[in-house]
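This report refers to the structure that appears directly beneath it.
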Amino acid sequence: MADHTPTPETTDGSGAGTTAAGLRPATVAVTAGRPAHEPDQPLNVPLVPAATYVAGGDREYGRYGNPTWEAFEEVLGGLEGGRALGFSTGMAAITCLLDLVGTGAGVVLPRHAYLGSTMAAADLEGRGRLRTTLVDVTDPDAVAAACDDDVALLWLESPTNPALEVADLERLAAIGHAAGATVVVDNTFATPLRQRPLDLGADVVVHSATKYLAGHSDALLGALVTRDDGLHQVLSDRRRLTGAVPGTLEAFLAVRGMRTLHLRLDRAEENARVLAARAAEHPAVAEVRYPGFGAIVALVLAGAEEGEGPGSAALAGDLLVRSTALWVHATSLGGVESTFERRRRWRGEAATIPQGLVRLSVGVEDVEDLWDDLARGLDRLTR
Ligand code: PLP
């Protein structure tokens, strides 16, 4: 498509943070996936709502390919250093991978992975399709012990959602490969600007592009990225068969969103650092979990772990999310606006997640306004 588009990094894992063409991530985010620099070409790939194409070319049918998805795939592939495939949602990408596991084989997942990932794996287990083992991804020995002879997939997430544990991905990828597993990393929280799992040995990267990549809470989209051409073909065939393809508008919005990913993430991360430090000093907060990068912070509120009445951490969380003006009580994350929620409000969230854990998705507003609003809510809990 683009004569000047940065090519994905080669598979030797060298030059982390730059592409084979030597361009740095911010430049890739801005320049990849654009039309050729030729007279009268638009600067941006247009939104192409095509259900079919004139026969005889590479695309043929709308489920097989689309120029707007391909632009999204070029930008994300350039950032992750692999070949990307867009999906209708993050869950469509996740279930595409789980679907490839042979009957009866093992899948090892983080005990605090995104709820939808563990639920999708448990659903397949319930129907006799595969076996799941949940592990603490901060404990490499536990991961090694869980990777038995029949393990097909080692599923990793770092930081985990919503516990915010950080895994040693390089070490875990080596453990997974030694056991013969395909190693998958959900990189939604870190984004390729903070962590490139393919450089650390992962075989496939998963994204909910709904979050930071699109970045404006207005599009559902998912992606898989790999450097393995054979695997890319398998996943592409699977996408065709399931029909879990991206919407053209969503791909367009995600491309536009990714043009400013570096700016948004830098600002949100700066805000998150300030808020994490200040919240740690507040008497209503028992613990702050912040991995030191990214813009997701978890506040564990003070209060009894059991029950939902006065004095309970659950009630404190429920009160906090209803008492602010700027912070929006909403699930999801990674948008320009700050949102938060108490995660245990979801049935199915791991019982090891504290009742009073409120996950903050820190946006790009002025940090002083964010703190004033949050502090007012926290102050009410201690009155
Ligand atoms: N992975 C992570 C880490 C998520 O937080 C989510 C959604 O919250 C998903 C995957 C699923 O993505 P989607 O909602 O786009 O299907």
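In table form, for the structure just shown:
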{"quantity": "Largest-first principal axis extents of the Cα set of the chain (Å)", "calculated": "70, 53, 38"}
{"quantity": "Percentage relative contact order, the stretch 238-383, counting C-alpha pairs under 8 Å, at least six apart", "calculated": "23"}
{"quantity": "Solvent-free Debye scattering, log10 I(q)/I(0), computed from the Cα coordinates of the stretch 128-237 at q = 0.09, 0.12 Å⁻¹", "calculated": "-0.24, -0.43"}
{"quantity": "Approximate spin-label separation Arg24-Val328, in nm, with each point projected 7 Å along Cα-to-Cβ", "calculated": "3.2"}
{"quantity": "Orientation-averaged projected area, Cα convex hull of the stretch 262-381 (nm²)", "calculated": "6.8"}
{"quantity": "Selection of GluC sites (Glu not before Pro), the stretch 226-293, meeting DSSP coil and at most 11 other Cβ within 10 Å", "calculated": "Glu281"}
{"quantity": "3J(HN,Hα) from dihedral phi, the stretch 138-152, Karplus parametrisation 6.51/-1.76/1.60, rounded to Hz, x for glycine, proline", "calculated": "8, 10, x, 5, 5, 5, 4, 5, 6, 7, 8, 4, 9, 6, 9"}
{"quantity": "Relative contact order for the chain, counting Cα pairs under 8 Å that sit 6 or more residues apart, in percent", "calculated": "15"}
{"quantity": "Length released on extending from Arg345 to Glu306, taking residue separation times 0.36 nm less the Cα-Cα span", "calculated": "12.7 nm"}
{"quantity": "His177-Asp150 pseudo-label distance in nm [points 7 Å out on the Cα-to-Cβ vector]", "calculated": "2.6"}
{"quantity": "Neighbour-count ranking [beta-carbon atoms within 10 angstrom, fewest first] of Glu305, Glu165", "calculated": "Glu305, Glu165"}
{"quantity": "Sites Glu170 and Val234 - FRET efficiency at Förster radius 22 Å, r taken between beta-carbons, to 0.05", "calculated": "0.35"}
{"quantity": "Cβ-based charge dipole, the stretch 262-381, positive-most Cα from Val321, Ser361, Ser332", "calculated": "Ser332"}
{"quantity": "For the chain, the longest site-free run once chymotrypsin sites (Phe, Trp or Tyr not before Pro) in DSSP loop states with at most 14 other Cβ atoms within 10 Å are removed", "calculated": "65-345"}
{"quantity": "Student exercise, the chain dipole from Lys, Arg, Asp, Glu Cβ charges, in Debye to nearest 20", "calculated": "700"}
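Values in this text are rule-based calculations from the coordinates and carry no lab data. Source: prediction; values computed, not measured. Backbone-built Cβ (ideal geometry, glycine too); neighbour counts: all protein chains shown.
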